[in-house]
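Peer 1: Please find one structure pasted underneath; my questions will follow.
The values are calculated or read from the model by the stated rules, or taken from the named source; none is laboratory data. Note that the structure is a prediction, hence the values are computed from the model and not measured. Positions of Cβ are backbone-derived with ideal geometry, glycine not excepted, and every protein chain shown enters the neighbour counts. Protein only, heavy atoms only, side chains kept; ligands, DNA and RNA dropped before computing areas. Shrake-Rupley method; radii C 1.70, N 1.55, O 1.52, S 1.80 Å.
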Amino acid sequence: MQSVTDTTAIAADKTDPADLARVGDYFALLKPRVMSLVIFTAGVGLAIAPGDIHPLLAFTALLAIAVGAGASGAINMWYDADIDRVMARTRNRPIPAGRIDAGTALAFGSVLAVGSVIVMGLAVNHVAALLLAVTIAFYVFIYTMWLKRRTPQNIVIGGASGALPPVIGWAAVTGTVDAGAVALFAIIFMWTPPHFWALSLWRSGDYEKVGVPMLPVVAGLRATRNQILVYSLLLFPITLTPPFFGAGGWFYEAVAAVLGLVFVFAAFRVWRSEEEKPAKQLFAYSILYLFLLFAALLGEWAFGRVA
């Protein structure tokens, strides 16, 4: 006859992984580091867009964008759970680590995705809601489910989803997408390949192990270094375009020029070196670079408001 202790132990062994999940695990599903950059770039797009928006609606728009981005991350983790279990960088994520059930993660992400679009449409405007829906769908269906495991251009094409948040923020204010918003989109779109390829240079073994055709796996390290330099050179002039379309001014232009020259130099160091260190340094700098670039736009806008 089983004792109470034995019965409790058996029940504990049969506990659904979802029941063991902590709030922090659900938060981790949302990819908070990625979400923070999404919120910031969307906030800059919202702030510098021509026109005004009520502070409560602005907060609602940013919340919807944040939740939509997090929902995309959760669904991405659900779909990629099989390869996440193998890769060193991702094996401790909530699903492969067994802290959250895959089905629960899918339901969680799906509800948040639909909810974020509905809130954006009802509270802000339909254009921003449509763009948010497109962003989520592009990341989930086009990048995660189609491109990521099929082509080395996954990051190039898939980067469109990460470039849309400032456009959504802009549209939340204006109800339209004009040249200023497109300029912000172009910056992030062109920044994404060298940013991720720098990471993939020293993580290529992980990607090869799980059959993800990242550029270093398919074309080799030298070809990847070449592409990083090419995209970095193309990125530089694109970052100088926003002032021509009503976004930013001379201060932003000066900051963009200095930051861009440092970015190109870092990419050149990656191009000429066979070591991992320059690639790691470029990856780290690329995150700071994008933040400072958009911070310059925001700072100049704020100064203009108080001057």
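Peer 1: Which whole-number percent is the relative contact order of the chain (Cα, under 8 Å, 6+ apart)?
Peer 2: Once divided by the residue count of the chain, the mean separation gives 19 percent.
Peer 1: For the chain, what percent of Cα pairs sit more than 34 Å apart?
Peer 2: Beyond 34 Å sits 27 percent of the P(r) for the chain.
Peer 1: If you don't mind, another one. Divide, for region 24-135, the radius of gyration over alpha carbons by 2.2 N^0.38 Å, where N is the residue count.
Peer 2: That works out to 1.16 for region 24-135.
Peer 1: Note down the net charge around TYR285, summing +1 for each Lys or Arg and -1 for each Asp or Glu among other residues with Cβ under 14 Å from its Cβ.
Peer 2: Result for the neighbourhood of TYR285: +3.
Peer 1: Of all accessible surface on region 142-272 at a 1.4 Å probe, what whole percent is carbon and sulfur?
Peer 2: With neighbouring chains kept in place, the figure for region 142-272 is 70 percent.
Peer 1: Whole angstrom only: what separates the Cα centroid of region 191-269 from the Cα centroid of region 45-60?
Peer 2: 30 Å
Peer 1: By its C-alpha gyration tensor, with a ≥ b ≥ c as the square roots of the eigenvalues, how is region 182-307 shaped: rounded for a/c under 1.5, else prolate for a/b larger than b/c, else oblate? Walk me through the numbers on the way to the answer.
Peer 2: Values: a/c = 2.62, a/b = 2.37, b/c = 1.11.
Taking the square roots of the gyration eigenvalues as a ≥ b ≥ c, region 182-307 is prolate.
Peer 1: When the Karplus curve 6.51 cos²θ - 1.76 cosθ + 1.60 is applied with θ = phi - 60°, which whole-Hz ³J(HN,Hα) does each residue of region 70-77 get, with x for Gly and Pro?
Peer 2: So the Karplus estimates, Gly and Pro as x, are x, 4, 4, x, 5, 5, 4, 5 Hz.
Peer 1: On to the next question. Might you tell me the accessible area per residue for the chain, computed with a 1.4 Å probe and given in Å²?
Peer 2: Result: 46 Å² per residue.
Peer 1: Could you go through region 126-133 in sequence order and give the Karplus-derived ³J(HN,Hα) for each residue, using 6.51 cos²θ - 1.76 cosθ + 1.60 with θ = phi - 60°, rounded to whole Hz, and x for Gly and Pro?
Peer 2: 6, 5, 5, 5, 4, 5, 5, 4
Peer 1: Output the Cα-based Rg and Dmax of region 110-251 in Å, rounding Rg to one decimal and Dmax to a whole number.
Peer 2: Looking at region 110-251, its Cα Rg and Dmax stand at 17.1, 50 Å.
Peer 1: Helix-derived [θ] at 222 nm for the chain: sum -39500 (n - 2.57) over DSSP H runs of at least 4, divide by residue count, nearest 500?
Peer 2: One gets -24500 deg cm²/dmol as the mean residue ellipticity at 222 nm.
Peer 1: Taking just the alpha carbons, could you work out the radius of gyration and Dmax for region 159-235, both in angstroms?
Peer 2: 15.5, 46
Peer 1: Quick one: 3J(HN,Hα) in Hz for region 290-304, Karplus 6.51/-1.76/1.60 with θ = phi - 60°, rounded, Gly and Pro as x.
Peer 2: 3J(HN,Hα) across region 290-304, in whole Hz: 5, 4, 5, 4, 6, 5, 5, 4, 5, x, 5, 5, 5, 5, x.
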